[in-house]
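First comes the structure, then the notes that go with it.
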Amino acid sequence: MTLNPTSPEPQEPVKYRRVMLKISGEALMGDQGYGLHPPTVARIADEVKSVHELGVEICMVIGGGNIFRGLQGSAQGMERATADYMGMLATVMNALAMQSSLEALGLHCRVISAIRMDEVAEPYIRRRAVRHLEKKRVCIFAAGTGNPYFTTDTAATLRANEMACEAIFKGTKVDGVYDRDPVRFPDAKRFDDVTYDEVLARRLNVMDASAIALARDNNLPIIVFSLDEPGGFRGILAGRGTYTKVHG
């Protein structure tokens with residue numbers, strides 16, 4: 001039998017066909033103490049592209065902590081709502097940086113903001129966003145939920161439910177959920193899987209309580225993995241790698 005040399009390579013089977021990738025703003029800093037590190041942004045974009053090539057539809061939410069944190073601003077005397085709005089603007093900056101890196105790799109990408117700023121991002125319209133995903137465009141949801149007092153964890157869980165994502169992938173600096181900080185405590189125990197209620201009861205550092213409760217109420221699994229592991233995102237979707245699954 002003669003193979004067609006122009007035929008696409010067979011894709012790896014994947015468990016999830018539409019996912020939300022949630023990463024912190026700090027993940028974009030690299031080894032810097034503040035701001036954006038373009039090579040790190042490019043590396044994460046390459047990870048996203050490798051998963052996109054499997055045929056997976058991808059949403060993203062990126063925090064803003066590398067630029068501004070609303071809680072820190074509030075703690076220093078700033079009005080909480082104002083500080084949170086400033087944090088939302090920081091997430092838009094990160095989303096635009098990621099969009100630029102993804103487009104440099106040839107991916108079609110849309111930044112969709114919960115706060116209207118039509119010159120730089122689309123307004124959030126659920127049906128339009130779903131259509132972008134169906135057309136295999138990467139959707140980056142920015143500006144949180146558009147409301148103060150809600151974190152980007154909650155925004156990621158909300159958008160994942162609205163987009164009918166099959167799982168949330170939470171990229172961190174460690175390879176899963178531990179019973180305590182594995183950096184400070186070498187004997188910390190990693191969980192292969194853990195329930196939503198256990199995360200809440202033991203106050204495990206996965207997402208804030210509102211996000212966990214929203215995921216639990218809609219039976220949306222959360223996969224916690226290391227974003228620093230090359231190929232980790234793709235590997236987990238193909239059934240390999242180390243991670244923790246938070247589920248019911």
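The values are calculated or read from the model by the stated rules, or taken from the named source; none is laboratory data. Computed from a predicted structure; not experimentally measured. Using ideal geometry, Cβ is built from the backbone for each residue, glycine included, and neighbour counts are taken over all protein chains shown. Just so you know, the surface numbers come from the protein's heavy atoms only, side chains and all, with ligands and any DNA or RNA stripped out. Shrake-Rupley method; radii C 1.70, N 1.55, O 1.52, S 1.80 Å.
So the values come out like this:
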{"quantity": "Relative contact order (%) - criterion: Cα under 8 Å, at least six apart; region: the chain", "calculated": "21"}
{"quantity": "Efficiency of FRET from Cβ geometry, Glu166 and Lys135, R₀ 22 Å, rounded to 0.05", "calculated": "0.75"}
{"quantity": "Lysine pairs within the chain, Cα separation less than 26 Å, 8 or more sequence positions apart or different chains", "calculated": "26"}
{"quantity": "Spacing of the two label points (7 Å from each Cα toward its C-beta) at Asn218 and Ser100, in nm", "calculated": "3.1"}
{"quantity": "Spatial separation of Cα centroids for segment 19-92 and segment 216-235, in angstrom", "calculated": "16"}
{"quantity": "Bins of 10 Å from zero: percent of alpha-carbon pairs in the chain", "calculated": "7, 31, 38, 18, 4, 1, 0, 0"}
{"quantity": "10 °C / 1.306 mPa s Stokes-Einstein diffusion coefficient of segment 135-248, Kirkwood radius on C-alpha pairs, µm²/s", "calculated": "107"}
{"quantity": "Value at 222 nm in deg cm²/dmol, rounded to 500, when DSSP H runs of n ≥ 4 in the chain each add -39,500 (n - 2.57)", "calculated": "-10500 deg cm²/dmol"}
{"quantity": "Per residue solvent-accessible surface (Å²) - the chain, probe of 1.4 Å", "calculated": "50"}
{"quantity": "FRET efficiency, 1/(1 + (r/R0)^6) with R0 41 Å, evaluated for Asp187 and Arg116 via beta carbons", "calculated": "0.25"}
{"quantity": "FRET efficiency for Gln72 and Gln32, using Cβ-Cβ distance with R0 set to 22 Å, rounded to 0.05", "calculated": "0.80"}
{"quantity": "Computed magnitude of the charge dipole of the chain (debye, nearest 20; Cβ of K, R +1, Cβ of D, E -1)", "calculated": "440"}
{"quantity": "Share of carbon and sulfur in the accessible heavy-atom surface of the chain [1.4 Å probe, %]", "calculated": "50"}
{"quantity": "Highest average packing first - 41-51, 101-111, Cβ atoms within 10 Å", "calculated": "41-51, 101-111"}
{"quantity": "Two-site label geometry, His247 and Ala81: point separation in nm, points 7 Å out along Cα→Cβ", "calculated": "4.2"}
